[in-house]
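The values are calculated or read from the model by the stated rules, or taken from the named source; none is laboratory data. None of these values were measured; they are calculated from a predicted model. Cβ coordinates were reconstructed from backbone atoms using ideal geometry, including for glycine residues, and neighbour counts include every protein chain displayed. For the accessible areas, the whole protein counts, side chains as well, though only heavy atoms, and no ligand, DNA or RNA atoms are used. Shrake-Rupley method; radii C 1.70, N 1.55, O 1.52, S 1.80 Å.
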Amino acid sequence: MLHEHSGADLDDIAAESGMPIFAVRWVLEGRVVVPWTATYTLVHLLGGRPGDLRLLWEYASKSVPRLPDPPRLGDHLAAGLRGARLAAGYAPAALVCPPGLTEAQAEAGFDGRLVPEWSALCDMLLWLGADPEPFKVLWAARRAARGRGRST
């Protein structure tokens, strides 16, 4: 999706990233998962927000997710949600709103102003075609931090 929206030439992206064009193509097609530094570079060169794809990259690479400090848990969760939205072709909030969640609340979830209840978050992720599993630990950590009186 980033490549499609950027309009960037693959030869240019390959040259700027220092990766062979076939490797860039395979990454963009989802055929291989490269180290985070290469993923970060490609996302940046394509005009995306690397942090939005970190959680999805961690899951795809089978690496152990890094939990951020409690004050950033909500932001990290929102970034992952934006990454899932991007992977789904930037689906409008109206299309991924589960019952009981307004379009404005879904948008607030995407930008980090609201962390939905787990059932609503699962529904949003499933409608985006994403597996909720990688989000579970992050959501639970955010909830636990909030229960200890910390703002997230």
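One line per residue, one yes/no per condition, for (1) among the hydrophobic types (A, V, I, L, M, F, W, C); (2) out of contact with any helix residue (DSSP H, G or I) (no Cβ under 7 Å at 6 or more places or on another chain); (3) farther than 27 Å from TRP139 by Cβ:
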residue: ALA14; (1), (2), (3): yes, no, yes
residue: GLY18; (1), (2), (3): no, yes, yes
residue: VAL27; (1), (2), (3): yes, no, yes
residue: ARG31; (1), (2), (3): no, yes, yes
residue: PRO68; (1), (2), (3): no, no, no
residue: ALA79; (1), (2), (3): yes, no, no
residue: GLY109; (1), (2), (3): no, no, no
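Determine which member of the set GLY51, GLY74 is modelled with pLDDT under 90 and open to solvent by less than 30 Å² (accessible area, probe 1.4 Å).
One residue alone meets the criteria, GLY74.
Do you know which residues across segment 40-56 are under 24 Å from LEU125 (Cβ atoms) and among the aliphatic types (A, V, I, L, M)?
LEU42, VAL43, LEU46, LEU53, LEU55, LEU56
Go through segment 1-11 residue by residue and tally those that are free of Cβ contacts under 8 Å to residues at least 12 places away in the same chain and either surrounded by 12 or more Cβ atoms within 10 Å (Cβ to Cβ) or more than 28 Å from ALA84 (Cβ to Cβ) (or both). Before the answer, list the steps.
Just the residues of segment 1-11 that are free of Cβ contacts under 8 Å to residues at least 12 places away in the same chain, to begin with: 4, 7, 9, 11.
With the extra rule that they be either surrounded by 12 or more Cβ atoms within 10 Å (Cβ to Cβ) or more than 28 Å from ALA84 (Cβ to Cβ) (or both), the set shrinks to 11.
Summing the residues that are free of Cβ contacts under 8 Å to residues at least 12 places away in the same chain and either surrounded by 12 or more Cβ atoms within 10 Å (Cβ to Cβ) or more than 28 Å from ALA84 (Cβ to Cβ) (or both) in segment 1-11 gives 1.
Condition test on GLY89, is it modelled with pLDDT under 90, in a helix (DSSP H, G or I) and small (Gly, Ala, Ser)?
Numbers: modelled with pLDDT under 90: yes; in a helix (DSSP H, G or I): no; small (Gly, Ala, Ser): yes.
No; evaluated as a whole, the condition is false for this residue.
Here are some residues: THR39, THR102. Which one is under 19 Å from ALA130 (Cβ atoms), modelled with pLDDT of 85 or more and not aliphatic (A, V, I, L, M)? Reasoning before the result, please.
Working: THR102 fails: under 19 Å from ALA130 (Cβ atoms).
One residue alone meets the criteria, THR39.
Within segment 12-43, take every residue that is under 20 Å from SER61 (Cβ atoms) and among the charged types (D, E, K, R) and give me the one that is most open to solvent (accessible area, probe 1.4 Å). Lay out the reasoning, then the answer.
Filtering segment 12-43 for residues under 20 Å from SER61 (Cβ atoms) gives 17-20, 22-43.
Going one step further and asking which of them are among the charged types (D, E, K, R), we end up with 25, 29, 31.
On the way: ARG25: 97, GLU29: 102, ARG31: 148 Å².
Applying the filter and picking the extreme gives ARG31.
Can you tell me how many residues within segment 92-127 are buried (at least 16 other Cβ atoms within 10 Å of the Cβ), farther than 24 Å from ALA145 by Cβ and either of a type in the set (Val, Ile, Thr) or in contact with a Gly (Cβ under 9 Å, 6 or more places away or on another chain) (or both)?
Total satisfying the criteria: 2.
Name the single residue, out of those in segment 94-113 being over 16 Å from the mean Cα position of the chain (by Cα) and of a type in the set (A, V, I, L, M, F, W, C), that is farthest from ASP52 (Cα to Cα).
Out of the qualifying residues, it is LEU101.
Output the residues belonging to segment 1-57 that are part of a helix (DSSP H, G or I) and of a type in the set (Gly, Ala, Ser). Reasoning before the result, please.
Of the residues in segment 1-57, the ones part of a helix (DSSP H, G or I) are 2-6, 10-17, 21-29, 36-45, 50-57.
Passing the criteria: SER6, ALA14, ALA15, SER17, ALA23, ALA38, GLY51.
Within segment 132-142, is even one residue more than 25 Å from ASP69 (Cβ to Cβ) and out of contact with any His (no Cβ under 7 Å at 6 or more places or on another chain)?
At the first step, the residues of segment 132-142 found to be more than 25 Å from ASP69 (Cβ to Cβ) are none.
No, every residue in segment 132-142 fails to be more than 25 Å from ASP69 (Cβ to Cβ) and out of contact with any His (no Cβ under 7 Å at 6 or more places or on another chain).
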